[in-house]
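S.K.: Before we start, here is the structure in question, set down as structure tokens.
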Amino acid sequence: MTKKTILNEAHRQLGARMVDFGGWDMPVNYTSQIDEHHAVRMSGGMFDVSHMTVVDVNGEQAKAYLQHLLANDVAKLTRPGKALYSCMLNDDAGIIDDLIVYFLEDKNYRLVVNASTRDKDIAWLDKQAESFDVVIDEKAALAMIAVQGPKARQKVCPLLPERLGLSAAEIKPFNACWHGEWFVGRTGYTGEDGFEIMLPEDVAEGFWKQLLEVGVKPCGLGARDTLRLEAGMNLYGQDMDETTNPLESGLAWTISWQPTNRDFIGRVALETIREKADSDKFVGLLLEDKGVLRGRQTVLLDDGSQGEITSGGYSPTLGRSIALARVPASIGETCKIDIRGKLKAARVVKPRFVRQGTVQIEL
């Protein structure tokens with residue numbers, strides 16, 4: 001049975017086109033997907049991300065547990081609200097999921113994992129917890145709304161519950177703070193500034209309506225995908241999964257190799273992969289010919305070897321077709337893409353096209 005977020009009826013009242021996404025009934029767009037995309041880049045848009053899974057990890061060994069569980073090191077987190085992005089790996093270094101972990105206080109952390117991987121993630125968390133003095137507590141009664149764009153803070157902050165001390169208006173990127181029962185993180189999945197706000201379900205619809213009243217545009221999964229693609233952000237299930245590792249997915253920066261005695265799951269396999277000179281690499285592609293880049297299209301290198309596009313599509317900001325691709329390390333500055341049997345020219349670029357409203361590549 002398809003699941004519904006607490007905001008499902010609010011989406012339908014706005015005329016959203018709904019689709020099944022990982023078992024959830026979610027809005028793909030309300031009006032024009034391109035208009036929604038531009039609204040985030042130029043002003044502010046909001047997304048219902050209540051389908052994401054929030055899990056608190058509490059206990060005497062919470063830190064040790066997460067140091068073993070994740071490829072990145074939670075020891076970096078020493079200030080309440082500080083966030084860390086990491087992959088959760090299996091023994092072969094395959095990516096079970098990517099997630100954000102927040103430091104709440106000593107012995108208490110908060111994870112946000114993907115909706116489509118919820119069941120296997122919870123099972124994995126529980127299995128690994130058997131050897132540690134920790135409690136895994138899924139927060140199913142929380143809703144989550146992301147507000148993104150250059151005017152996001154201006155729009156959101158006056159609507160938040162009052163708080164003593166450092167507020168959401170003052171926190172730095174990749175940090176969070178409490179506003180009463182609301183947990184407000186300055187994080188996102190669009191390449192723009194903004195917040196991801198976890199709040200009780202019973203106040204979520206009221207907050208959503210307040211955001212509408214101050215001119216924040218509702219946006220669906222379609223715009224979220226084009227925004228994250230422009231920002232060069234991986235999508236689980238397309239750009240990475242359990243058959244791929246962080247080193248070939250553009251995520252080497254999320255691995256903490258120090259200290260050398262931290263025995264995180266997948267470390268041995270990753271170290272073996274790192275020593276290989278012929279490992280694939282992760283690149284961005286800009287189509288020079290007419291056409292549209294799509295996932296699973298073949299990338300042909302000048303030396304005859306092949307790679308594959310993992311995510312691709314039209315970039316509303318650039319007015320060009322772009323993609324993320326996993327390719328042999330021998331790739332040069334250009335390549336060809338097989339689009340329905342025709343070879344199209346593409347330029348190889350860093351996999352970050354637009355951030356903070358600024359184009360990051362040469363067109």
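S.K.: Given 0.36 nm per residue, what is the gain on full extension from Glu170 to Asp92 after removing their alpha carbon distance, in nm?
M.R.: Here the segment from Glu170 to Asp92 would lengthen by 24.0 nm.
S.K.: Then there is this: I need the calculated FRET efficiency for the pair Ala329 and Arg79, taking r as the beta carbon distance and R₀ as 45 Å, to the nearest 0.05. Show your work: numbers first, answer last.
M.R.: Details: r = 38 Å, r/R0 = 0.84.
So the FRET efficiency works out to roughly 0.75.
S.K.: Pick out, from Leu111, Ile145, Leu84, the residue whose Cα sits farthest towards the positive end of the charge dipole of the chain, with +1 on the Cβ of Lys and Arg and -1 on the Cβ of Asp and Glu.
M.R.: Ile145
S.K.: Moving on to the next point. For region 68-201, just the Cα atoms, rotate onto the principal axes and tell me the three extents in Å, largest first.
M.R.: Between the extreme Cα coordinates on each principal axis of region 68-201 lie 45, 29, 29 Å.
S.K.: Asp73: net charge of surrounding residues, Cβ under 14 Å, Lys/Arg +1, Asp/Glu -1, itself excluded? Each step should come with its number before you reach the end.
M.R.: Values: positive: Lys63, Lys76, Lys82, Arg262, Arg267; negative: Asp263.
That sum, taken over residues with Cβ under 14 Å, equals +4.
S.K.: When N counts the residues of the chain, how does its alpha-carbon radius of gyration compare numerically with 2.2 N^0.38 Å, as a ratio? Each step should come with its number before you reach the end.
M.R.: On the way: Rg = 20.6 Å, N = 363, 2.2 N^0.38 = 20.7 Å.
Rg over 2.2 N^0.38 Å, computed on Cα atoms: 1.00.
S.K.: Mind checking the full-extension length gain between Met1 and Asp20? Use 0.36 nm per residue of separation minus the Cα-Cα distance, one decimal, nm.
M.R.: My answer for the length gained is 5.8 nm.
S.K.: Structure shown: which of Lys4/Lys127; Lys151/Lys209; Lys281/Lys336; Lys63/Lys127; Lys172/Lys281 lie over 20 Å apart, alpha-carbon to alpha-carbon?
M.R.: Lys4/Lys127; Lys172/Lys281
S.K.: So, one more: Please work out the C-alpha center-to-center distance from region 62-109 to region 166-192 and express it in whole Å.
M.R.: If you average the Cα positions of each part, the centres end up 18 Å apart.
S.K.: Let me ask something else about it. Where Lys and Arg each count +1 and Asp and Glu each count -1, what net charge lies around Ala269 among other residues with Cβ under 14 Å from its Cβ?
M.R.: Net local charge, Ala269 excluded: -4.
S.K.: What order, most packed first, do the peptides 185-192, 283-290 have when packing is the mean number of other Cβ atoms within 10 Å of each residue?
M.R.: Values: 185-192: 23.2, 283-290: 18.2.
Result, highest mean Cβ count within 10 Å first: 185-192, 283-290.
S.K.: Let me ask you something else. In whole angstrom, how long is each semi-axis of the equivalent ellipsoid of region 1-101, when you take the square root of 5 times every eigenvalue of its Cα gyration tensor and sort them from largest down?
M.R.: Over the Cα atoms of region 1-101, the ellipsoid semi-axes are 34, 17, 14 Å.
S.K.: Residue separation times 0.36 nm, minus the C-alpha to C-alpha distance between Ala345 and Asp241: what's the value?
M.R.: Here the segment from Ala345 to Asp241 would lengthen by 34.6 nm.
S.K.: Show the residues, 5+ positions off or on another chain, whose built amide H is closer than 5 Å to the amide H of Ala115.
M.R.: Long-range HN contacts for Ala115: Thr53.
S.K.: Can you quote the Å³ per residue value for the convex hull of the Cα atoms in region 246-359, rounded to an integer? Don't jump to the answer; show the numbers that get you there.
M.R.: Numbers: hull volume 13.7 nm³, N = 114.
Per-residue hull volume (Cα only) is 120 Å³.
S.K.: Given the options Val216, Tyr102, Leu324, identify the residue whose Cα lies farthest towards the positive end of the charge dipole of the chain (+1 on Cβ of Lys, Arg; -1 on Cβ of Asp, Glu).
M.R.: Of the options given, the answer is Val216.
S.K.: What are the aspartates and glutamates whose alpha-carbon lies under 17 Å from the alpha-carbon of Lys290, with same-chain residues fewer than 8 places away excluded?
M.R.: Of all the aspartates and glutamates, those that pass the test against Lys290 - Cα under 17 Å, at least 8 places apart if same chain - are Asp338.
S.K.: With unit charges on the beta carbon (Lys/Arg positive, Asp/Glu negative), name the residue among Gly304, Pro351, Ala277 whose Cα is farthest towards the positive pole of the charge dipole of region 246-359.
M.R.: Pro351
Read-outs throughout are calculated quantities, based only on the coordinates presented, and are distinct from any laboratory measurement. Given the structure is predicted, the values throughout are model-derived calculations rather than measurements. Using ideal geometry, Cβ is built from the backbone for each residue, glycine included, and neighbour counts are taken over all protein chains shown.
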